[in-house]
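**Q** My questions will all concern the structure given below.
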Amino acid sequence: MEGIHVRCPNCRALHAAYFKNPIGADKAVSPWATVTWQRVGDTLETLTLSPSFMAVGHYHSFVRDGELQVDSAFGCKPNGAA
């Protein structure tokens, strides 16, 4: 696995986080990756990423032990808001 997709908990926009150390010996860092995260854990339930995750215009968070821990106000409108 080269990375994960994370949906904004507020507006549901999709963001990608590519791993600096992909899962699987045959995997390489994605050519689309302009920024990469160091991964610890081999499953979504145990995944921790470093450094923190900044979805510009949306939120700042940490991914720790498989949980998205948002620590900022949302910069986007809630899903379905005008």
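The values are calculated or read from the model by the stated rules, or taken from the named source; none is laboratory data. None of the values given here were measured: they were computed from a predicted structure. Counting neighbours? That spans all protein chains shown, and the Cβs are built from the backbone with ideal geometry, glycine included.
**Q** Considering only residues that are in contact (Cβ under 8 Å) with a residue 24 or more places away in the chain and crowded, with 18+ Cβ neighbours inside 10 Å, look in the stretch 38-50 and name the one that is nearest to PHE74 (Cα to Cα).
**A** Within the stretch 38-50, the match that is nearest to PHE74 (Cα to Cα) is LEU49.
**Q** Mind listing just one residue for me: the one in the stretch 3-27 that is under 28 Å from ASN79 (Cα atoms) and not hydrophobic (A, V, I, L, M, F, W, C) and, of those, surrounded by the most Cβ atoms within 10 Å (Cβ to Cβ)? If you could, list the steps in order and put the result at the bottom.
**A** Filtering the stretch 3-27 down to residues under 28 Å from ASN79 (Cα atoms) leaves 3-19.
Filter once more, keeping what is not hydrophobic (A, V, I, L, M, F, W, C): 3, 5, 7, 9-10, 12, 15, 18.
Working: GLY3: 21, HIS5: 8, ARG7: 14, PRO9: 14, ASN10: 18, ARG12: 11, HIS15: 15, TYR18: 18.
Checked the stretch 3-27; the qualifying residue surrounded by the most Cβ atoms within 10 Å (Cβ to Cβ) is GLY3.
**Q** What are the residues in the stretch 18-27 that are farther than 19 Å from GLU67 by Cβ and without any contact (Cβ under 8 Å) to a residue 24 or more places away in the chain, if any?
**A** Hits for the stretch 18-27 are TYR18, LYS20, ASN21, PRO22, GLY24, ALA25, ASP26.
**Q** Please indicate, with yes or no, whether at least one residue in the stretch 53-71 is surrounded by 13 or more Cβ atoms within 10 Å (Cβ to Cβ), modelled with pLDDT of 90 or more, polar (S, T, N, Q) and closer than 14 Å to ILE4 by Cα.
**A** Within the stretch 53-71, not a single residue is surrounded by 13 or more Cβ atoms within 10 Å (Cβ to Cβ), modelled with pLDDT of 90 or more, polar (S, T, N, Q) and closer than 14 Å to ILE4 by Cα.
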